[in-house]
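Working notes, structure below.
Read the figures in this text as sums done on the coordinates, not as results from a lab. What you see is a predicted model, and the numbers here were worked out from it, not measured in a lab. Using ideal geometry, Cβ is built from the backbone for each residue, glycine included, and neighbour counts are taken over all protein chains shown.
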Number of protein chains: 2
Amino acid sequence: MSDLHLLTAGEAARLIREGRITSKELVEDCLAQIEAREPAVQAWHYLDREHALAQAERADEAHKAGLPHGPLHGVPVGIKDVLDTCDMPTENGCALHAGRTPRRDAAAVALLREAGAIVLGKTVTTELAYYAPGKTRNPHDPARTPGGSSSGSAAAVAAGMVPLALGTQTNGSTIRPAAFCGVYGMKPTHGLVSRRNMLRLSRTLDHVGLFARTLEDLAILGEAVMRYDAEDEDMRPSAPPPLVRTLAEEPPVEPKLALVRTPVWGQAEPATQAAFAELAEALGDRAEPVDLPEFFAEAWPAQKAIMEADMAHNLRREYEAGRERLSPVMRETIERGRAVTAQDYLAAHDIARALAGEIDELAFAYDAILTPAAPGPAPIGTATGSPAFSTLWTLAGVPALSLPLLEDEDGLPMGVQLVARRHDDARLLRTARWLVSVLS
Amino acid sequence: MSDLHLLTAGEAARLIREGRITSKELVEDCLAQIEAREPAVQAWHYLDREHALAQAERADEAHKAGLPHGPLHGVPVGIKDVLDTCDMPTENGCALHAGRTPRRDAAAVALLREAGAIVLGKTVTTELAYYAPGKTRNPHDPARTPGGSSSGSAAAVAAGMVPLALGTQTNGSTIRPAAFCGVYGMKPTHGLVSRRNMLRLSRTLDHVGLFARTLEDLAILGEAVMRYDAEDEDMRPSAPPPLVRTLAEEPPVEPKLALVRTPVWGQAEPATQAAFAELAEALGDRAEPVDLPEFFAEAWPAQKAIMEADMAHNLRREYEAGRERLSPVMRETIERGRAVTAQDYLAAHDIARALAGEIDELAFAYDAILTPAAPGPAPIGTATGSPAFSTLWTLAGVPALSLPLLEDEDGLPMGVQLVARRHDDARLLRTARWLVSVLS
């Protein structure tokens with residue numbers, strides 16, 4: 001077989017299970033694709049071919065021995081280099097963390113290994129998952145950013161190097177690069193995926209993010225990592241959403257979407273405005289324009305207060321010990337964060353809670369909210385673009401998807417963002433599948 | 001029968017269940033005791049005799065109809081006037097809240113009603129459960145404070161007006177008045193009792209507190225209110241500790257206590273220092289002096305930063321709309337809280353978490369920590385005394401008991417405080433029973 005690297009994770013796992021391909025063949029093909037594309041894309045921060053192949057061989061031996069297969073048995077995944085790995089360095093895109101070798105896996109990484117996945121390597125992150133860009137370029141146009149902060153994960157999946165990757169999102173770090181690179185990205189409901197042993201910027205805002213080339217793969221990846229972890233203070237023990245099963249179902253009634261422009265609509269570029277006008281027309285009465293109450297505008301300063309204060313706190317050692325080795329944008333953010341008062345911080349949390357409640361109300365009348373994933377296609381240059389179209393949803397902790405359904409006149413991918421109420425992750429995927437079928 | 005008001009809650013419930021007394025007789029006797037003692041003690045902020053008797057009559061009718069009894073069927077309880085009641089005003093000891101009539105019960109109050117209890121009335125709190133004293137006097141000496149902020153609950157139980165009462169604790173508001181009034185007081189592990197529809201000073205520090213005249217009654221009261229409530233963000237669904245059953249068991253091996261002076265030992269009055277020297281002698285090698293690491297001294301400024309910042313946030317409407325009707329001590333606290341930075345606030349939370357972990361470690365080697373409940377007996381005057389001996393344990397969220405085992409040379413009660421690791425509430429009660437038997 002050829003082009004194994006283009007298989008979806010679900011197909012690859014099935015073929016391995018059926019003995020029609022081996023994990024080693026799959027991993028070798030992915031490594032060959034990386035060899036071909038990496039000079040232009042630069043998605044990987046750490047990659048040890050021998051270690052990857054050794055994992056694949058172990059997976060193949062387990063198969064031959066008749067041991068049970070996890071849902072990702074033998075399937076390679078990319079891991080953003082802010083999620084700890086016990087067998088590879090984790091340097092958080094930060095010069096101060098060079099040579100850091102954690103002894104434990106991040107909870108989400110350990111769950112992927114448990115599902116049988118091969119941890120192929122660590123993908124490039126911006127500095128400390130914030131704005132200062134890494135080396136990665138957009139697979140569709142090397143003059144453009146892949147978006148950030150999960151730059152390498154989005155680019156690696158888009159470039160066919162790996163079918164799945166983990167990223168993170170504290171503002172727009174999964175949705176935006178997914179949109180810029182033309183892949184599916186998902187930020188599950190806050191508290192559904194453990195953040196243990198992952199770089200902490202903000203307990204309130206940090207999420208694990210998911211990348212794949214199909215909705216089915218997102219569902220498989222999501223199910224693998226949505227497992228209760230008492231060590232993550234924001235998780236609650238509850239049955240995880242049945243993503244794979246729900247995605248495969250037909251919606252019981254035709255979904256209805258709320259078309260939401262958000263208070264940052266003014267930042268949407270002409271290409272996005274035009275694409276959304278077309279979308280609205282194509283959907284007809286299956287989508288209804290909804291204006292958000294004015295109160296929603298408070299999300300942006302609230303997210304900023306929480307993120308900057310939390311970053312100042314969680315990165316205080318880096319700032320105190322080596323601020324001269326941090327980027328200016330990081331230093332300035334931490335310095336703003338140090339000036340936030342506890343009152344503004346607490347008020348911002350009240351806003352976050354209120355917004356989540358308001359979105360629950362709003363989304364009750366609709367299957368999902370349809371809104372841009374980013375202001376436009378990936379900008380030219382190294383700056384990672386604006387997260388503004390994600391800020392509100394991240395702050396509220398609601399699930400969000402970026403779907404690669406649009407392109408600009410030059411063929412550059414643009415994302416459509418679908419958002420639902422908290423814990424409606426499974427229905428959100430099902431609604432997304434419906435939307436894809438309606439628009440194709 | 002006479003002196004029904006002196007029955008324990010457990011005995012009273014049993015006699016009612018067996019048809020040997022009625023709830024109405026019990027409530028009438030408690031009301032008579034209140035009539036006799038209230039002029040001197042002033043424990044009640046709101047008391048409606050007719051409403052109390054009507055509840056008792058309904059309990060007696062249910063008994064006659066053969067309906068099932070809860071564990072507190074027909075037993076009167078006092079409720080600190082910071083816990084909402086749907087059938088009585090809740091004024092939080094604050095002029096600005098005069099005439100406030102909530103439509104819903106606090107979660108803990110609703111659970112007591114479900115257990116069959118008669119909500120006799122609302123007990124006096126200091127202003128907004130902080131320092132500015134209410135009218136209540138110490139039942140042992142009207143020249144002295146009952147302690148605060150749960151002044152009326154502690155005094156009402158001590159004066160035989162009611163066998164059980166609910167209070168709250170954000171610093172030392174249950175342990176200190178229990179010690180000053182010579183009753184048993186308990187602050188369960190943070191997150192074991194819901195704070196829904198209770199005055200919020202601080203999510204991190206607020207606890208519901210329990211008052212009774214015996215350990216058995218504390219256990220019955222605790223079991224009635226320890227029920228998971230998803231609306232309290234700090235609760236986790238887990239089996240509640242079996243307080244009543246564990247208290248009735250013998251310790252499997254003889255308990256060992258850690259004698260801990262804490263960094264505020266210098267505030268302990270000569271009476272307390274002498275009493276603790278005697279205690280240590282009486283316990284011999286069943287108690288071992290343990291010095292806390294220096295780090296523990298950070299608890300006091302950390303608790304202050306969290307409490308003051310949270311109070312400034314949660315009482316902002318009161319401050320903004322009517323600061324001139326708040327006491328000077330409340331105004332000054334809120335003003336200090338407004339100046340706390342998010343960095344100090346977040347660092348204080350890290351200290352709280354670290355302390356809880358350290359106490360878990362320390363308490364692992366002992367059945368409980370033995371430490372003063374207050375600097376000395378109740379001071380003369382209206383000021384409610386120092387919470388300093390509670391601060392550390394409240395911040396760490398660990399369970400604490402005040403046992404009325406000591407008195408000074410004038411016969412004034414002094415408390416012994418027993419503390420355990422988080423979620424060891426049941427064993428803490430059992431260890432307390434053992435300590436009482438050893439010392440009697």
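Maximal additional length on extending the B:ALA297-B:TRP265 stretch stands at 10.4 nm, based on 0.36 nm per residue less the C-alpha distance. Comparing B:ASP310, B:ASP410, B:ASP48 in a Gaussian network model of chain B where C-alpha atoms under 10 Å apart are linked, the largest mean-square fluctuation is found at B:ASP410. Sorted shortest first, the separations between the B:ASP229 label point and its copies elsewhere in the assembly read 3.1 nm; each point sits 7 Å from Cα along the Cα-to-Cβ line. Please compare each pair in A:LYS80/A:LYS187; B:LYS24/B:LYS187; B:LYS187/B:LYS304; B:LYS24/B:LYS64; A:LYS304/B:LYS304; A:LYS187/A:LYS256 to a cut-off of 23 Å on the Cα-Cα distance and tell me which ones are over it. Violating the 23 Å limit, Cα to Cα: B:LYS24/B:LYS187; A:LYS304/B:LYS304. Per DSSP helix of 4 or more residues, -39500 (n - 2.57); summed, then divided by the residues of chain B. What does that give at 222 nm, rounded to the nearest 500? Calculated mean residue ellipticity at 222 nm is -12500 deg cm²/dmol.
Note on chain B: with a GNM built from Cα contacts shorter than 10 Å, the maximum mean-square fluctuation among B:GLY147, B:GLY411, B:GLY182 falls on B:GLY411. Give me the Kirkwood hydrodynamic radius of the protein assembly as shown, using the inverse of the mean 1/r over all pairs of distinct Cα atoms, in Å to one decimal. Result for the protein assembly as shown stands at 29.7 Å.
Counting only C-alpha contacts under 8 Å and six or more residues apart, can you give the relative contact order of segment B:110-252 as a whole percent? So the answer I get is 19 percent. A simple spin-label model places the labels of A:LEU439 and B:ARG236 4.1 nm from each other, with each point 7 Å out along Cα-to-Cβ.
Sorting A:VAL82, A:VAL436 on the 10 Å Cβ count, fewest up front, what's the list?
Working: A:VAL82 30, A:VAL436 16.
With the fewest neighbours first, A:VAL82, A:VAL436 line up as A:VAL436, A:VAL82.
Look at where the Cα atoms of segment A:49-110 and of segment A:313-335 average out, and the two centres are 29 Å apart. Treating each Cα of segment B:299-343 as an identical point scatterer and summing with the Debye formula, the log10 of I(q)/I(0) at q = 0.13, 0.17 Å⁻¹ comes to -0.26, -0.42.
DSSP beta bridges fully contained in chain B are about 65 percent antiparallel. Think of chain B as a dipole: +1 on every Lys or Arg Cβ, -1 on every Asp or Glu Cβ, centred on the Cα centre; then among B:SER150, B:GLY322, B:GLY415, B:GLY322 lies furthest on the positive end.
For the pair B:GLU407 and A:ALA321, a Förster radius of 45 Å applied to the C-beta separation gives a FRET efficiency near 0.25, rounded to the nearest 0.05. Using only side-chain charges placed at the Cβ, +1 for Lys and Arg and -1 for Asp and Glu, the dipole size of segment A:56-215 relative to its Cα centre rounds to 340 debye.
Fewest first, what order do A:PHE296, B:PHE180, A:PHE211, A:PHE389 take by the number of other Cβ atoms within 10 Å?
Numbers: A:PHE296 20, B:PHE180 36, A:PHE211 33, A:PHE389 27.
Ascending Cβ contact count within 10 Å gives the list A:PHE296, A:PHE389, A:PHE211, B:PHE180.
Peptide B:304-317: average number of partner chain Cβ atoms within 10 Å per residue? Averaged over the peptide's residues, the number is 2. Remind me, relative contact order of segment A:1-154 in percent, using alpha carbon pairs under 8 angstrom and six or more residues apart? In percent, rounded to a whole number, it is 25.
Only four residue types carry charge here, +1 at the Cβ of Lys and Arg and -1 at the Cβ of Asp and Glu. Report the dipole size of segment B:299-343 about the Cα centre in Debye, rounded to the nearest 20.
Details: 8 positive and 7 negative charges, 6 e Å.
Result for segment B:299-343 is approximately 20 debye, rounded to the nearest 20.
Cβ crowding within 10 Å ranks B:LYS80, A:LYS256, B:LYS304, A:LYS64 as A:LYS64, A:LYS256, B:LYS304, B:LYS80, fewest other Cβ atoms first. Using a Gaussian network model of chain B in which every pair of alpha carbons under 10 angstrom is joined by a spring, one finds that among B:VAL264, B:VAL208, B:VAL124 the greatest mean-square fluctuation is at B:VAL264. Taking Cα centre as origin and charging only the Cβ of basic (Lys, Arg, +1) and acidic (Asp, Glu, -1) residues, the dipole magnitude of the protein assembly as shown rounds to 120 debye.
Between B:VAL329 and A:ARG286, the FRET efficiency from the beta-carbon distance, with R0 = 51 Å, is close to 0.25.
Calculated on the Cα set of segment A:1-123, radius of gyration then Dmax: 14.4, 46 Å. Sorted shortest first, the separations between the A:ARG20 label point and its copies elsewhere in the assembly read 7.9 nm; each point sits 7 Å from Cα along the Cα-to-Cβ line. Rounded, prolate or oblate: which fits segment B:309-440 when a ≥ b ≥ c are the square roots of the eigenvalues of the alpha-carbon gyration tensor, with rounded for a/c under 1.5 and prolate only if a/b beats b/c? Oblate, because a/c is 1.5 or more while a/b does not exceed b/c. Computed on the Cα trace of segment B:228-377, the radius of gyration divided by the Kirkwood hydrodynamic radius gives Rg/Rh = 1.05.
Over chain A, calculate the relative contact order: mean separation of alpha carbon pairs under 8 Å at least 6 apart, over the residue count, as a percent. Spell out each step's value before the answer.
On the way: 1045 pairs, mean separation 75.3, N = 440.
Contact order relative to length: 17 percent.
With a cut-off of 15 Å between beta carbons, the residues surrounding A:ARG227 carry a summed charge of -4, where Lys and Arg count +1 and Asp and Glu -1. Label-point spacing for B:ARG245 across the identical copies (point 7 Å from Cα in the Cβ direction), in nm and ascending order: 3.3. Separation of segment A:232-311 from segment A:390-409 is 6 Å, based on Cα centroids. Site pair A:ALA277 and A:ALA40 shows an inter-label distance of 3.3 nm when each label is modelled 7 Å from Cα along Cα→Cβ. Spherically averaged projected area of the convex hull of Cα atoms, chain B: 19.8 nm².
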